[in-house]
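Okay, so here's the structure we're looking at.
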C-alpha cells in the first residue's frame, strides 16, 4: 500500500509539472514550438496575427499598436488582384494577440516608419504620411504626400526610407534592370556603358523629413551604384543599406559561369552609405569566391577580372547569394541581450535563382557590429519560415520573412509575405 501511494504521489508531481510547463508554454509571449520559428536560447515567439495578406514592412507604436503594410489584398477566384492597403492592429484584451484589425489607405507600401506622430511609408511613386491621433488606432485624415514624382519603373520599383537625426529623409530608388544590359536578361547581352539608368535610379536620394509637397526631380542624389536596396537603416550617425545583387550568371553567360557559381558567387552586400558614395553597380558585383568587387560579364568580365571595380567603394560585409535582403534594423533596447544590441538584423525574403540547388535565405540574420563596423561572422537569428527542408521552389514556402520592428518593451515583431503571419519574439532569459 505504501509503495502504491508513493507511486501515485510521484505521478501527481509529474502531471502537475507537465501541466505547469504547458501553461508556461501557452502564456502570452510564448507559443508551443514558437509558432514554427527556431530562435536562439532564451527567446520565444507568439503568433500575434495571421492571414493579414501579403505583408511587407511593419512598425510598432509606443502603446503597442502595430502597423503593417499589405502589398495586395485577398481576391476571389477569377477576379483581379486587389490593391494593397495599410493595416492597424491592437491587442484589446491583453492576451497578447492583435485581435482588432482596421484597414486604411488605398495602396500597399514599403519602408513603414513611425516618426513624430506620423506614419511614413513609400509607394512606388511617392513617400507619404498619415497623421496619427493619440489614443486612436487609425488616422482620421487623408495622407500627405511628402515626396512625389518618382520615376515610373516596372523593375525594382519598391523603395525603402530612413531618417537621420538632423531632419533628413533618405529614399532608395532601384535600378530597373538586372544589370543595365540591352536587351535586359537576354543571353550574351552587352551592358550599356555608361548606364543611363543611373541618372534617375540605382541610388539613394535625400529629402527633408518634415516638408510636404517635395518632388523627386528637385532633389539631389546622395549615393549611386546600387541595384535594388530595400533594406535601409540609419544607426549611430551612419546610413547602411543591404542590397539585392544580380541574377542569372549561368543562364545568361553559360560559357563563363556554372550553375554552382551562380548559386554562390554574387553575394548580397551590406554597405555604409556616405554622401557621394559610388558602389559600382551595374558594372561590378561582390564575388563570393574572392570577396572582391569584380567586373560583370555584361561589361567584359570573365569571373576573374577586377578592372574598373577597384575604383568603387567596397561593401563592409556580404551575405549568401540570392537571399534577398528586404529589411535592415538596428536595435539597442536594454531588454535584449548585450550580444544583440547595436548590430544589424537582416531580413532575408529568400532566393528564387538557385536552381537546380535548393533555395536559401528565408530567415533573419544577425550581423554583430563594433565601432560602426561588422565584427565577426553573421549568424542565423530566426529560421523555420519556409516550413520545409530542402525547399526547391519559392512557391512551396509556408512563409517568407518580409519585415521586422521593435516594440516598446524590446519585443521583436516579424511579419511575412505568404499569408501575413506575424510573430512577437521576446527574450525571457536562459
Legend entry - Residue satisfying all of: in region 41-62; closer than 15 Å to residue 385 by Cβ and in contact with a helix residue (DSSP H, G or I) (Cβ under 6 Å, 6 or more places away or on another chain); surrounded by the fewest Cβ atoms within 10 Å (Cβ to Cβ) among these: 47
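Quick check on residue 96: is it part of a loop (DSSP other than H, G, I, E, B) and either at pLDDT below 55 or under 26 Å from residue 143 (Cβ atoms) (or both)?
Against the criterion (part of a loop (DSSP other than H, G, I, E, B) and either at pLDDT below 55 or under 26 Å from residue 143 (Cβ atoms) (or both)), residue 96 does not qualify.
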Inset, instruction - Only residues in region 298-309 that are touching a residue at least 12 places away in the same chain (Cβ under 8 Å) and on the phi > 0 side of the Ramachandran plot count as the first member; pair them with residues that are assigned to a loop (DSSP other than H, G, I, E, B) and buried (at least 16 other Cβ atoms within 10 Å of the Cβ), Cβ under 7 angstrom, at least 6 apart or cross-chain, and list the lot. - result: 303/257
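Only residues that are under 26 Å from the mean Cα position of the chain (by Cα) and within 13 Å of residue 282 (Cβ to Cβ): list them for region 169-183, please.
174, 175, 176, 177, 178, 179, 180
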Inset, instruction - Might you let me know whether region 350-368 holds any residue that is surrounded by fewer than 17 Cβ atoms within 10 Å (Cβ to Cβ), more than 30 Å from residue 55 (Cα to Cα) and either out of contact with any strand residue (DSSP E or B) (no Cβ under 6 Å at 6 or more places or on another chain) or modelled with pLDDT of 95 or more (or both)? - result: no
Legend entry - Output for region 376-388, where each listed residue is buried (at least 23 other Cβ atoms within 10 Å of the Cβ), in contact (Cβ under 8 Å) with a residue 40 or more places away in the chain and part of a loop (DSSP other than H, G, I, E, B): 385
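Being surrounded by fewer than 21 Cβ atoms within 10 Å (Cβ to Cβ) and touching a strand residue (DSSP E or B) at 6+ places or on another chain (Cβ under 6 Å) is the filter here; which residues of region 116-125 pass it?
118
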Legend entry - Residue that is surrounded by the fewest Cβ atoms within 10 Å (Cβ to Cβ) [pool: residues in region 269-284 that are touching a residue at least 60 places away in the same chain (Cβ under 8 Å), within 19 Å of residue 185 (Cα to Cα) and in contact with a strand residue (DSSP E or B) (Cβ under 7 Å, 6 or more places away or on another chain)]: 282
Legend entry - Those residues of region 217-255 which are more than 24 Å from residue 325 (Cβ to Cβ) and either touching a strand residue (DSSP E or B) at 6+ places or on another chain (Cβ under 7 Å) or assigned to a strand (DSSP E or B) (or both), in sequence order: 219, 220
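Yes/no per residue for (1) touching a residue at least 60 places away in the same chain (Cβ under 8 Å); (2) exposed (fewer than 12 other Cβ atoms within 10 Å of the Cβ):
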{"position": "374", "(1), (2)": "yes, no"}
{"position": "391", "(1), (2)": "no, no"}
{"position": "399", "(1), (2)": "yes, no"}
{"position": "402", "(1), (2)": "yes, no"}
{"position": "415", "(1), (2)": "yes, no"}
{"position": "428", "(1), (2)": "yes, yes"}
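Residues checked against (1) surrounded by fewer than 18 Cβ atoms within 10 Å (Cβ to Cβ); (2) more than 22 Å from the chain's Cα centre (by Cα); (3) more than 23 Å from residue 413 (Cα to Cα):
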{"site": "316", "(1), (2), (3)": "yes, no, yes"}
{"site": "332", "(1), (2), (3)": "yes, no, no"}
{"site": "339", "(1), (2), (3)": "yes, no, no"}
{"site": "344", "(1), (2), (3)": "no, no, no"}
Inset, instruction - Output the number of residues of region 157-186 satisfying the condition of being in a strand (DSSP E or B), under 22 Å from residue 57 (Cα atoms) and touching a helix residue (DSSP H, G or I) at 6+ places or on another chain (Cβ under 6 Å). - result: 0
Legend entry - Failed item in (1) crowded, with 22+ Cβ neighbours inside 10 Å; (2) assigned to a loop (DSSP other than H, G, I, E, B), with residue 410 passing the rest: (1)
Legend entry - Hey, residue 189 surrounded by 18 or more Cβ atoms within 10 Å (Cβ to Cβ) and more than 23 Å from the chain's Cα centre (by Cα) or not: yes
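Table: residues versus (1) more than 24 Å from residue 95 (Cβ to Cβ); (2) in contact with a strand residue (DSSP E or B) (Cβ under 6 Å, 6 or more places away or on another chain).
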{"residue": "376", "(1), (2)": "yes, no"}
{"residue": "384", "(1), (2)": "no, yes"}
{"residue": "405", "(1), (2)": "no, yes"}
{"residue": "409", "(1), (2)": "no, no"}
{"residue": "412", "(1), (2)": "no, yes"}
{"residue": "422", "(1), (2)": "no, yes"}
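The values are calculated or read from the model by the stated rules, or taken from the named source; none is laboratory data. What you see is a predicted model, and the numbers here were worked out from it, not measured in a lab. So basically every Cβ, Gly included, is an ideal-geometry build from the backbone, and we count neighbours across all protein chains shown.
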